[in-house]
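The values are calculated or read from the model by the stated rules, or taken from the named source; none is laboratory data. All figures in this text were calculated on a predicted structure; none of them were measured in a lab. Every residue, glycine among them, receives a Cβ derived from its backbone with ideal geometry; neighbour counts consider all protein chains shown.
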Amino acid sequence: LTDFGIQKALTQLGITEINKGTSTGLESFSNGELIASYSPVDGSLIAKVQGSTKEDYETVVAKAQEAYKTWRLVPAPKRGEIVRQMGEELRKHKDTLGQLVSFEMGKSLQEGLGEVQEMIDVCDFAVGVSRQLYGLTMHSERPNHRMYEQYHPLGIVGIISAFNFPVAVWSWNSMLAWICGDVCIWKPSSKTPLCAIACQNIMKTVLERNNIPEGVCNLITGEECNELINNDKRIPLVSFTGSTRVGRHVGQTVAGRFGKTILELGGNNAIIVSEHADISMVLVGAVFGAVGTAGQRCTTTRRLIVHESVYDKTVEVLKSAYSQLKIGNPLDSNNHVGPLIDKNAVEQYLNSIEKAKAEGGKILVEGGVVEGEGYESGCYVKPCIIEAENHFEIVQHETFAPILYVMKYTNIEQAIEMQNDVPQGLSSSIFTNNMREMELFLSQQGSDCGIANVNIGTSGAEIGGAFGGEKETGGGRESGSDAWKAYMRRQTNTINYGTQLPLAQGIKFDL
Ligand code: UN1
């Protein structure tokens, strides 16, 4: 532990009462059951976290409601200034928070640091947006009338996040929600509660320094909280990241009370490798896309759709790259692939490989659990490649693990059809130097995904674009572009500054 400075990192992030029941940053409100956080890196118990009870939840919602009353009155650029300070604070804690992300979640230290960088970037972005919450003005059909629309804050935003991006996805939501004038209640994954506590501690210092109530930024833990949020009319917007199965339930429940949702659900992302592709570029994009974060990104490359003329060469290059991958402790920079989140994930990975074989898949790079010294947690698996067909049941399904399915195509139209022929619609990419293929892929007859890239892989999106996907991915958009609009309510205003009251559509109503 100390070799990798985790103990020190935890202390610096304000997490001190290890093994005694670490607070959620809301000490007095946490009375629930203990949630144990184990590191997939070495299987050790890092800490136990006090979960929230129904009473704790009520206390937190009341605090949030109270804080909203004042926060919504702070001018948006001033709210941006607070978010700017949050970004500065995150810069100071980048190393330690990056280490904790890596240790608690299992992604490589580089990716842990990258995740904190995404948080910093989204803070900077949100600061700019805080001065650009633009509405439109329009010309009224009536004389001496003015029309415009404006955006107001929504209230409390519930954020339910997943283990794979234990800090960044929360920040995409919260930083924008805050500049919009909303307050947030965060229910993180129970697999990564310490990352959430660290964030809460960092945010708390900024809020305290500026005399802003902590109720602007709230943290609750424990799986029972999900249903409380979903059914709570006091929470007009629920942003959920996770599986399609759970997301469907969240969407239906929240819609049942006319709440809004932002759903970021499963992906089944493909790279099309054209005969006009630069294979050395494909290599980096596809291998990082498939094995980065041990295949546990929503944007992970799960399918490679390769032109028949370059199929053998692509497979050969991939095989050789896979044989050089180093699997091991993600905090050691020599390793490329860290562990899966837990043994349950390992089980699902093994089952998926078996299913693919049973359906006729041919193993090109053998998978399996890695054993021996340094792999005691039982969570390390070998990234594998399987030759498969797109219609296989298992290929249609998202397995959160480093399994890459490869398949052949003959013409570009067929490749696009295969790419689209899955229930999910998050990310997609084509590697080609052919302008016609590229434009076709990006056109309305092309990729049906929320993200479509050319000559870069499916993962690693920048925060400046809107992030999200279509079909069973849920349709939500977060982070950049005009994603902020989902965190506000829209109002159309018509003002009559004349002395007559003409009705719209020329209706006469004489009294
Ligand atoms: C996710 O996997 O939930 O595009 C988010 C990417 C990252 C975000 C992934 N920027 O891979």
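Of note:
- Residue check for Val282: crowded, with 23+ Cβ neighbours inside 10 Å, touching a strand residue (DSSP E or B) at 6+ places or on another chain (Cβ under 6 Å) and more than 30 Å from Leu109 (Cβ to Cβ): no
- Of the residues making up the range 334-359, not one is in contact with a helix residue (DSSP H, G or I) (Cβ under 8 Å, 6 or more places away or on another chain) and farther than 14 Å from Tyr380 by Cβ.
- Here is the figure for the range 145-164: residues that are under 13 Å from Leu176 (Cα atoms) and within 16 Å of the ligand (Cβ to nearest atom) total 1.
- Against the criterion of being free of Cβ contacts under 8 Å to residues at least 40 places away in the same chain, closer than 15 Å to Gly295 by Cα, in a loop (DSSP other than H, G, I, E, B) and not charged (D, E, K, R), Gly367 qualifies.
- For first residues located in the range 491-505 and touching a residue at least 24 places away in the same chain (Cβ under 8 Å), partners that are of a type in the set (Lys, Arg) and lie 6+ apart or on another chain with Cβ distances below 6 Å form the pairs Ile495/Arg146; Pro502/Arg142.
- Of the residues making up the range 44-75, those that are small (Gly, Ala, Ser) and either at pLDDT below 95 or crowded, with 19+ Cβ neighbours inside 10 Å (or both) are Ser44, Ala47, Gly51, Ser52, Ala64, Ala67.
- The set of residues in the range 148-204 being of a type in the set (D, E, K, R) and crowded, with 23+ Cβ neighbours inside 10 Å consists of Asp182, Lys187.
- Residue within the range 444-451 that is hydroxyl-bearing (Ser, Thr, Tyr) and surrounded by fewer than 16 Cβ atoms within 10 Å (Cβ to Cβ) present: no
- Unmet requirement for Ile403, which otherwise passes all of (1) surrounded by 23 or more Cβ atoms within 10 Å (Cβ to Cβ); (2) under 25 Å from Pro193 (Cβ atoms): (2)
- Within the range 268-285, the set of residues being over 13 Å from Ser427 (Cβ atoms) and not hydroxyl-bearing (Ser, Thr, Tyr) comprises Val273, Glu275, His276, Ala277, Asp278, Ile279, Met281, Val282, Leu283, Val284.
- Residue match in the range 257-274 (condition: within 16 Å of the ligand (Cβ to nearest atom), assigned to a helix (DSSP H, G or I), among the small types (Gly, Ala, Ser) and under 24 Å from Asn453 (Cβ atoms)): no
- Subset of the range 393-427 that is free of Cβ contacts under 8 Å to residues at least 40 places away in the same chain and not acidic (Asp, Glu) - its residue that is farthest from Gly360 (Cα to Cα): Asn411
- Checked against the criterion of being among the aliphatic types (A, V, I, L, M) and within 16 Å of the ligand (Cβ to nearest atom), the range 419-428 has at least one qualifying residue.
- Residues located in the range 463-511, provided they are surrounded by 10 or more Cβ atoms within 10 Å (Cβ to Cβ) and hydrophobic (A, V, I, L, M, F, W, C): Ile463, Ala466, Phe467, Ala483, Trp484, Ala486, Met488, Ile495, Ala504
- Qualifying residue in the range 389-409 (condition: touching a strand residue (DSSP E or B) at 6+ places or on another chain (Cβ under 8 Å), of a type in the set (Gly, Ala, Ser) and within 16 Å of Lys343 (Cα to Cα)): yes
- Residue check for Arg297: within 15 Å of Ile403 (Cβ to Cβ), at pLDDT 95 or above and in a loop (DSSP other than H, G, I, E, B): yes
- Qualifying residue in the range 342-363 (condition: within 20 Å of Ala286 (Cα to Cα) and in contact with a Pro (Cβ under 7 Å, 6 or more places away or on another chain)): no
- Flag for Gly222 being within 25 Å of Gln348 (Cα to Cα), within 16 Å of the ligand (Cβ to nearest atom) and crowded, with 17+ Cβ neighbours inside 10 Å: no
- Condition check for Phe431: out of contact with any strand residue (DSSP E or B) (no Cβ under 8 Å at 6 or more places or on another chain) and either surrounded by 13 or more Cβ atoms within 10 Å (Cβ to Cβ) or over 30 Å from His152 (Cβ atoms) (or both): no
- Residue count, the range 428-464 (criterion: part of a loop (DSSP other than H, G, I, E, B) and touching a residue at least 12 places away in the same chain (Cβ under 8 Å)): 19
- Pick from the range 446-479, criterion of a type in the set (Ser, Thr, Tyr) and within 18 Å of Thr432 (Cα to Cα), ranking: nearest to the ligand (Cβ to nearest atom): Ser459
- Exclusive hit being in contact (Cβ under 8 Å) with a residue 24 or more places away in the chain, of a type in the set (Gly, Ala, Ser) and within 14 Å of the ligand (Cβ to nearest atom), set Ser309, Ser239: Ser239
- Here Phe240 clears all of (1) within 25 Å of Ile353 (Cα to Cα); (2) buried (at least 22 other Cβ atoms within 10 Å of the Cβ) except the condition numbered (1).
- Test: Lys204 is farther than 30 Å from Gly328 by Cα and either touching a residue at least 60 places away in the same chain (Cβ under 8 Å) or not polar (S, T, N, Q) (or both): yes
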